[in-house]
1. What net charge is computed for the residues neighbouring Asp153, neighbours being all others with C-beta under 13 Å from the C-beta of Asp153, Lys and Arg scored +1, Asp and Glu -1?
2. Can you give the charge dipole size of segment 14-166 about its Cα centre, rounded to the nearest 20 debye, using +1 on the beta carbon of Lys and Arg and -1 on the beta carbon of Asp and Glu?
3. For segment 2-168, with the dipole built from +1 on Lys and Arg beta-carbon atoms and -1 on Asp and Glu ones, taken about the Cα centre, which of Thr15, Val38, Asn123 lies farthest toward the positive end?
4. Listing Ser126, Ser16 from the residue with the fewest other Cβ atoms within 10 Å to the one with the most, what is the order?
5. Scan around Ile35 for amide H atoms under 5 Å from its own, H built in the peptide plane at 1.01 Å from N, and keep only partners 5 or more places away or cross-chain.
6. Taking 1 over the mean of 1/r across every pair of different Cα atoms in segment 1-85, what Kirkwood radius in Å do you get?
7. For segment 2-168, what's the radius of gyration and Dmax over Cα atoms, in angstrom?
8. Projected onto the charge dipole of segment 2-168 (+1 at Lys/Arg Cβ, -1 at Asp/Glu Cβ, origin at the Cα centre), which of Gly145, Ala59, Pro71 gives the Cα projection farthest towards the positive end?
Amino acid sequence: MKIAVFNGSPRKMNTSAMVDAFVAGAREAGHEVEIYQVGRMKIAGCLGCEYCHGKGQGACVQKDDLEKIMPAYREADMIVYASPIYYFAMTAQMYAAMQRVYCIGKPVNAKKAALLLNSYSPNVHSGAIATYKDATAYMGMEDMGIYIFTDADNGNERKLSEITKFAKEL
Ligand SMILES: Cc1cc2nc3c(=O)[nH]c(=O)nc-3n(C[C@H](O)[C@H](O)[C@H](O)COP(=O)(O)O)c2cc1C
C-alpha cells in the first residue's frame, strides 16, 4: 500500500516518536510510506468560495502548502492522521489540511485510515476522535486503529512497539 502519514505537530517530539514507530513497522512490511510534516506547513482555512467546484476544476484558489499534501489525497491508499492535542482538538494545521480536501471532495484512493494522538493529560481526546471518525466515515475510509499517548506514555518502548506491530500487520 501507499501510506501517507500526516504529522500535525510542528515539533519533532512526542507525536513524531509515534509516527516513527508506525513508519518503521509499515516499511518493514513493505509498504511505501510518505511523511507529510503538516504541522510545519502553511495551510490556510477554506474560504468557502467554491472556486474549486467551478472554474478551478478541483484546484483551490489559495496557493499555499495544500499543494504539498495533494499527492497524498490523490495517490495514497491509506492516510494516518497523527497529531498532538491542542485545546481539546487536533492542531489547527491538521484541521486545515483535513478540511481543504474539500476541493476534490475526498481522497481519491484512500480506503483506510488510522489516528495517532498525543496529549499531556488523559480525557482530552473525544473531540479529535469524533472528528476523525465522522470524517473518515464520510470519506469512505475504514478506521484501522486509534492510538492515544499521554505524558505518561511518551518514551515507553512497549507502547511504541504496539504501534510498530499494528503497522506491520496492516
Ligand atoms: C498550544 C498547546 C495546547 C495544548 N493543549 C493541550 C490540551 O488541551 N490537553 C492536553 O492534555 N495537552 C495539551 N497540550 C500538550 C500537548 O498535547 C503535548 O505536550 C503533546 O505531547 C505535544 O506533542 P508534540 O511533542 O508532538 O508536539 C497543548 C500544547 C500546546 C503547545
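Bear in mind that the values in this text are calculations on the coordinates, not laboratory data. Everything quoted here is computed from the prediction, not taken from an experiment. Neighbour counts run over all protein chains shown; Cβ positions are idealised from the backbone, glycine included.
1. -1
2. Working: 15 positive and 17 negative charges, 67 e Å.
So the magnitude is around 320 debye.
3. Val38
4. Working: Ser126 9, Ser16 19.
Ordered from fewest to most neighbouring Cβ atoms within 10 Å, Ser126, Ser16 come out as Ser126, Ser16.
5. Excluding prolines and chain starts, which carry no amide H, the hits are Val5.
6. Values: mean 1/r = 0.0711 Å⁻¹.
It works out to 14.1 Å.
7. 15.4, 51
8. Positive-end residue among those listed: Ala59.
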